[in-house]
Amino acid sequence: MTTDFDIAIIGAGIAGASTAWALLEGAPNLRIALIEMEERPGYHTTGRSAAVWVESYGGPGIVPLSKASRAFFGAPPEGFGTLLEHRPDLFIEGPDDQGGLDRLAAELDSGGVAYHWLDADQMAALPTGAMLRPEWRRRGLVEPDCHDIDVAGLHQGFLRGCGDARPTLICNAEVTALDRQGGRWRIATKAGDFTAATLVNAAGAWADGLAALAGARPRGLMPLRRTMAVLRIDPPPPADMMVVMDAAEQFYFKPDGSRLWLSPHDEIPDVPHDVRPDEMDLAIVIDRFEQATTVQVKRLESSWAGLRTFAPDRLPIFGFDSAADGLFWCAGQGGFGIQTAPAAGRMCAALLLGNSPALDPAPYAASRTGILGQV
């Protein structure tokens, strides 16, 4: 196996894989390593995502990355297949959250995101609306340009590389030490030692720990646990059901064939590890769902949890470290890393290659105030 590379990317989830793909799109002769600590790429957050493409998701600071990714999802490059299935988002508000939809509409307006309102009669006429109790369907807000994402298809497409150019994937390779000598990184891992001129920190929840190994300052990244329950309900969810999101961010749900995926929209501080769902979180969200709908929960079929990692200002971190030579950050993508991956990967690739990105990278710079100032 080759042990010397131009660029070594630590982490083969969606952040690292999309950056590798975009680098090879622009420079197919680069020698790129994707170094993954698990036995397979995407084991943690990427492989546990119930991702949808929602233009407004993440707020105004993320909307530009989502918009810039839309064309890629709509007409994927060769090797990706169909990535989107249309499924609009329906936002609702409960009796204890009068004005929640108005707050959401103001945020959508600030990001230039298209939406339309539904009155009580229009809500009741929807297959989705018919599931809701009357006090939860007085009005609704629909964001029409939303879609389920084939996360596995997207991730595997990135891992396959661009055209005939492919990265070298190295699994079971947890990084144990990093050392910079003579303009190159020596990367000690459990799978052996590797060298590279540039090191990309795409380690997700582990990114601050990796930075410390490289002698760089951490960015105050916080892993937050998000839980998902898979339910059998009676009646089963309609095939044309929208994704339903509570404006107060207490829960959301979407269909999965004859089953329902339900999340408490939780963000519980955690530490980097193989996270598992908490039984109390599951009980709470099922209770919330039953209070808002008329359907009967027959059983909890399965559940899982994943870590969504944010910087203090909740924007991703893209760019070279100002103090650690040859260290590049690609971290802090939170829960929007899937839907922004095409634009984020291309932004990181442009910065790594010394080119000008299509989008302004300044809001996401690794040296920006608001993250360095809090560590």
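Taking the stretch 171-223 as the range and being assigned to a strand (DSSP E or B), within 19 Å of GLY42 (Cβ to Cβ) and either of a type outside the set (S, T, N, Q) or touching a Gly at 6+ places or on another chain (Cβ under 9 Å) (or both) as the test, the residues that pass are VAL175, VAL200, ASN201, PRO223.
If you go through the stretch 116-128 one residue at a time, do you hit one that is more than 23 Å from PRO236 (Cα to Cα), modelled with pLDDT of 95 or more, assigned to a loop (DSSP other than H, G, I, E, B) and not hydrophobic (A, V, I, L, M, F, W, C)? No, because not a single residue in the stretch 116-128 is more than 23 Å from PRO236 (Cα to Cα), modelled with pLDDT of 95 or more, assigned to a loop (DSSP other than H, G, I, E, B) and not hydrophobic (A, V, I, L, M, F, W, C). Scanning the stretch 279-312 for residues that are assigned to a loop (DSSP other than H, G, I, E, B) and surrounded by fewer than 16 Cβ atoms within 10 Å (Cβ to Cβ) yields a count of 1. Being modelled with pLDDT under 95, out of contact with any Asp or Glu (no Cβ under 7 Å at 6 or more places or on another chain), surrounded by fewer than 24 Cβ atoms within 10 Å (Cβ to Cβ) and outside the structural domain of ASP270 (by TED's automatic domain parsing) is a property that does not hold for GLY354. Inspect the stretch 24-43 for any residue being hydroxyl-bearing (Ser, Thr, Tyr) and part of a loop (DSSP other than H, G, I, E, B) and give the result as yes or no. Yes, because at least one residue in the stretch 24-43 is hydroxyl-bearing (Ser, Thr, Tyr) and part of a loop (DSSP other than H, G, I, E, B).
Residue count for the stretch 293-325 under the criterion of being under 15 Å from the mean Cα position of the chain (by Cα) and among the small types (Gly, Ala, Ser): the result is 3.
Residue-wise test of (1) among the hydrophobic types (A, V, I, L, M, F, W, C); (2) under 14 Å from ASP89 (Cα atoms); (3) touching a Phe, Trp or Tyr at 6+ places or on another chain (Cβ under 7 Å); (4) part of a loop (DSSP other than H, G, I, E, B).
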site	(1), (2), (3), (4)
ILE233	yes, no, no, no
PRO238	no, no, no, yes
MET241	yes, yes, no, yes
VAL244	yes, yes, yes, no
LYS254	no, yes, yes, no
ASP266	no, no, no, yes
HIS273	no, no, no, yes
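Residues in the stretch 313-336 that are assigned to a loop (DSSP other than H, G, I, E, B) and aromatic (Phe, Trp, Tyr): PHE336 only. The residues in the stretch 73-95 that are within 14 Å of PHE251 (Cα to Cα) and acidic (Asp, Glu) can be counted, and the count is 2.
Candidates are the residues of the stretch 90-115 that are assigned to a loop (DSSP other than H, G, I, E, B) and under 15 Å from ASP246 (Cβ atoms); the one that is modelled with the lowest pLDDT is GLN98.
Checking each residue in the stretch 198-221 for being surrounded by fewer than 16 Cβ atoms within 10 Å (Cβ to Cβ) and aliphatic (A, V, I, L, M) picks out only ALA212. With respect to (1) farther than 24 Å from ARG217 by Cα; (2) more than 19 Å from the chain's Cα centre (by Cα); (3) in a helix (DSSP H, G or I), the lone exception for ALA358 is condition (3). Only residues that are of a type in the set (A, V, I, L, M, F, W, C) and over 22 Å from the mean Cα position of the chain (by Cα) were counted across the stretch 326-355, and they come to 2.
Each row is one residue, and each column tells you yes or no for (1) over 30 Å from GLY345 (Cβ atoms); (2) among the hydroxyl-bearing types (Ser, Thr, Tyr); (3) assigned by TED's automatic domain parsing to the domain that holds PRO236.
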{"position": "ASP109", "(1), (2), (3)": "no, no, yes"}
{"position": "GLY112", "(1), (2), (3)": "no, no, yes"}
{"position": "TYR115", "(1), (2), (3)": "no, yes, yes"}
{"position": "ASP119", "(1), (2), (3)": "yes, no, yes"}
{"position": "ALA130", "(1), (2), (3)": "yes, no, yes"}
{"position": "ARG133", "(1), (2), (3)": "yes, no, yes"}
{"position": "GLY140", "(1), (2), (3)": "yes, no, yes"}
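Selection within the stretch 145-170: residues that are out of contact with any helix residue (DSSP H, G or I) (no Cβ under 6 Å at 6 or more places or on another chain) and in a loop (DSSP other than H, G, I, E, B). The member of this set that is nearest to GLY112 (Cα to Cα) is ASP145.
For (1) exposed (fewer than 12 other Cβ atoms within 10 Å of the Cβ); (2) assigned by TED's automatic domain parsing to the domain that holds ASP360; (3) not small (Gly, Ala, Ser), each residue gets a yes or a no:
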site	(1), (2), (3)
ILE62	no, no, yes
PRO76	no, no, yes
PHE80	no, no, yes
GLY94	no, no, no
GLY99	yes, no, no
MET123	no, no, yes
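Checked against (1) touching a helix residue (DSSP H, G or I) at 6+ places or on another chain (Cβ under 7 Å); (2) surrounded by fewer than 17 Cβ atoms within 10 Å (Cβ to Cβ); (3) under 30 Å from PRO144 (Cβ atoms), GLU249 meets all criteria but (1).
Yes/no matrix, rows are residues, columns are (1) over 27 Å from the mean Cα position of the chain (by Cα); (2) of a type in the set (Phe, Trp, Tyr):
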| position | (1), (2) |
| --- | --- |
| GLY99 | yes, no |
| GLU107 | no, no |
| ALA120 | yes, no |
| TRP136 | yes, yes |
| LEU141 | no, no |
| ALA152 | no, no |
| ARG166 | no, no |
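The values are calculated or read from the model by the stated rules, or taken from the named source; none is laboratory data. What you see is a predicted model, and the numbers here were worked out from it, not measured in a lab. Because the Cβ atoms are built from the backbone with ideal geometry, glycine has one as well, and the counts that use them run over all protein chains shown.
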